[in-house]
1. Explain nothing, just compute: Karplus ³J(HN,Hα) = 6.51 cos²θ - 1.76 cosθ + 1.60, θ = phi - 60°, for every residue of segment A:148-162 in order, whole Hz, x for Gly and Pro.
2. Need the full-extension length gain, A:Lys253 to A:Ser84, defined as separation in residues times 0.36 nm minus the C-alpha distance. One decimal, nm.
3. Of B:Leu40, A:Ile259, A:Pro44, which is farthest towards the positive pole of the protein assembly as shown's charge dipole, taken about the Cα centre with +1 and -1 on the beta-carbons of Lys, Arg and Asp, Glu respectively?
4. Residues with amide H under 5 Å of B:Tyr122's amide H, sequence separation 5 or more or different chain, H placed in the peptide plane at 1.01 Å from N; which?
5. Report ³J(HN,Hα) in whole Hz for each residue of segment A:100-113, in order, from the Karplus equation J = 6.51 cos²θ - 1.76 cosθ + 1.60 where θ = phi - 60°; Gly and Pro get x.
6. How far is it, in nm, from the label point at A:Trp230 to the one at A:Val4 when both lie 7 Å from their Cα along the line to the Cβ?
7. Taking the Cα centre of chain B as origin, work out the dipole magnitude from +1 charges on Lys and Arg Cβ and -1 charges on Asp and Glu Cβ, in debye rounded to 20.
8. What spacing in nm lies between the two simple spin-label points modelled at A:Gln265 and A:Ala374, each 7 Å away from Cα in the Cβ direction?
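Where a number appears in this text, it was derived from the coordinates with a stated rule and is not lab data. If you're wondering where the values come from, they're calculated on a predicted model, not measured in any experiment. Cβ: placed from backbone, ideal geometry, glycine included. Neighbour counts: every protein chain shown.
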Amino acid sequence: MLNVDERWNLIDKIAKKTVKFGGYKATLKDVLGELTVKPWTGIPFAIAVIYGFWGFFCEFAGTLFTDGFMCKIFDEHWLPWLQSVFPGGLGNWFYALMVDAGHMENGVLVASDNCFEAFGVLTSGLFVPFGVVLWAVLAFYLIFALLEDVGYLPRLAVLVDTLLHKIGLHGYAIVPTFLGLGCNIPGVSATRVLETKKQRFLMLTLLGVFVPCGAQIGIMQELIPDMIGWVFLSLAIGYLGFGYVLSKIVPGKSPEILIDVPPYQMPTWRNIRRKVWLRTSRFLLVAVPFVIIGCFIVGIMYLTGAMDGLAWALGPFLTRWWGVPSATVAPLIAGFLRKDLAVGMLGGIEMSRYQLFTSVVLLSIYFPCLATFAVMLKEENWKQFLGTIGFLMAMVFIYGGALHLIGILFGGYK
Amino acid sequence: MKSKFGSIYFGIFGIVVLAFGIAEFIATGIGGYTGRWLDLSGTFVIWRGIILFFAGLFYLSSIKKFTEIHQLAKSVMASIMIWIVAGVEIFAKIASSIPGGEEGGWFIPPTEELTEIWIPPYIPALYLLPFSLMITYYIYTEKEEKK
């Protein structure tokens with residue numbers, strides 16, 4: 001096994017023997033390739049690329065599909081139709097579980113007027129994955145595949161290499177991070193590109209906590225479009241801050257990186273189509289059952305009174321330490337199954353804007369969803385897995401408290 | 001000759017782009033500005049400002065020996081940045097024009113809504129877009145020379 005210096009020496013020796021040096025006239029693509037990895041030119045360009053990425057994501061998923069067609073289909077046709085034909089009606093337990101639990105207004109139980117709040121298996125259970133999440137994930141993977149095939153992603157890896165070294169990772173950690181922004185599950189699998197156990201542990205922990213998935217982002221965009229920048233800022237601070245602390249306390253090596261940076265090229269539509277289809281269909285296969293099961297379990301817990309019991313038991317902790325209403329216990333439980341579903345549930349709880357912001361951040365970081373958990377367990381041994389869980393719990397406890405403190409100091413609860 | 005024209009054109013254009021970038025920064029500070037023709041408001045105005053500001057700087061740094069490949073590449077990069085911002089805005093307008101909107105049917109919003117989407121005020125990148133396309137001529141020329 002060669003160490004890093006020995007590897008470089010070997011590369012030098014091989015290069016001297018095999019590479020012929022002569023005149024080469026750089027092409028425009030070559031120079032653009034260079035410019036996109038140099039910090040002074042590369043960082044502003046990366047900002048423009050991320051702006052484009054985000055802009056397309058919001059318009060394609062939010063404006064065009066979810067707001068443009070899906071809300072209409074689900075809220076104006078599907079929900080009223082189910083409310084009129086489903087047996088039982090408001091107040092019936094089976095109706096509440098499958099269609100609409102309703103909500104109290106001045107002591108009277110009234111029907112929901114949108115699928116976000118209805119929280120039935122056939123309403124929210126279908127609206128979340130097909131009305132919101134599908135389009136968000138599709139938009140995300142489309143742009144991701146495009147950046148991958150054009151050759152920009154490896155350059156982004158080189159660009160962020162120095163920054164990620166500060167938290168014990170290297171530039172290629174941008175791949176699992178970016179993939180995780182689509183869905184944490186392929187993100188977790190992609191941590192295999194990292195060489196050492198330390199790096200993989202760091203990446204898995206940060207991915208599970210500070211990287212929201214596309215589904216969750218889609219719901220956030222619907223629920224709190226004006227605060228999403230702050231949510232991302234909080235998560236980025238957590239990613240880098242806790243990453244730095246972890247890299248100092250976790251033993252192990254963080255070696256240098258050797259990345260093959262391909263030249264820029266035109267993407268092929270066939271490749272893009274295949275990648276998007278593969279990733280989106282895999283995502284749907286995992287997500288849809290969990291959302292439906294999530295709606296079902298939360299519905300049962302409401303009906304049996306278990307949710308009220310939990311809210312009562314955890315209420316003091318939630319309200320005093322995190323500064324969020326005790327009713328957020330329901331989304332926290334649902335979040336273990338699907339984060340997107342849980343963020344959607346926050347829309348139906350009365351709270352201040354700062355509390356909503358804190359709740360969204362806490363939901364993002366408090367635990368990875370069940371599907372991600374399962375994949376993490378596959379990727380880590382038990383010892384590492386328990387270490388990750390322990391760290392997650394400590395982190396969410398501290399971070400939630402810190403957000404509450406910031407809210408008190410800066411008048412967030414006014 | 002081509003180099004001199006490029007230097008002058010992108011020198012002037014760079015100043016304009018830079019000025020728009022600074023204007024978007026100022027607009028962020030005063031909570032946004034929307035006039036008859038120009039829109040310097042919205043959640044992402046500061047990011048648009050940053051992008052235009054650096055695009056302007058890239059244009060200005062490329063004017064010396066403009067047709068030299070390393071210099072030309074900076075202008076190409078700056079133009080791509082403008083295309084991204086303008087492209088997102090155009091896509092947003094198209095995306096808003098396909099579904100019927102809150103008051104309309106399934107497709108194409110009512111005429112008043114549709115007009116509101118497409119008429120000015122526009123963000124600066126939309127005004128800069130046609131002028132930035134000049135770079136395609138230099139990309140084409142560079143390609144031809146290579147052949």
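1. So the J values, rounded to whole Hz, are 4, 6, 5, x, 7, 4, x, 5, 5, 4, 5, 5, 8, 4, 4.
2. Working: separation 169, 0.36 × 169 = 60.84 nm, distance 6.24 nm.
Extending this stretch completely gives an extra 54.6 nm.
3. After comparing all options, I get A:Ile259.
4. Excluding prolines and chain starts, which carry no amide H, the hits are B:Leu38, B:Asp39.
5. Running phi through 6.51 cos²θ - 1.76 cosθ + 1.60 with θ = phi - 60° gives 8, 7, x, 8, 8, 10, 6, x, 10, 7, 10, 6, 6, 10 Hz.
6. 4.0
7. On the way: 11 positive and 12 negative charges, 205 e Å.
Magnitude of the dipole: close to 980 debye.
8. Those two pseudo-labels are separated by 3.6 nm.
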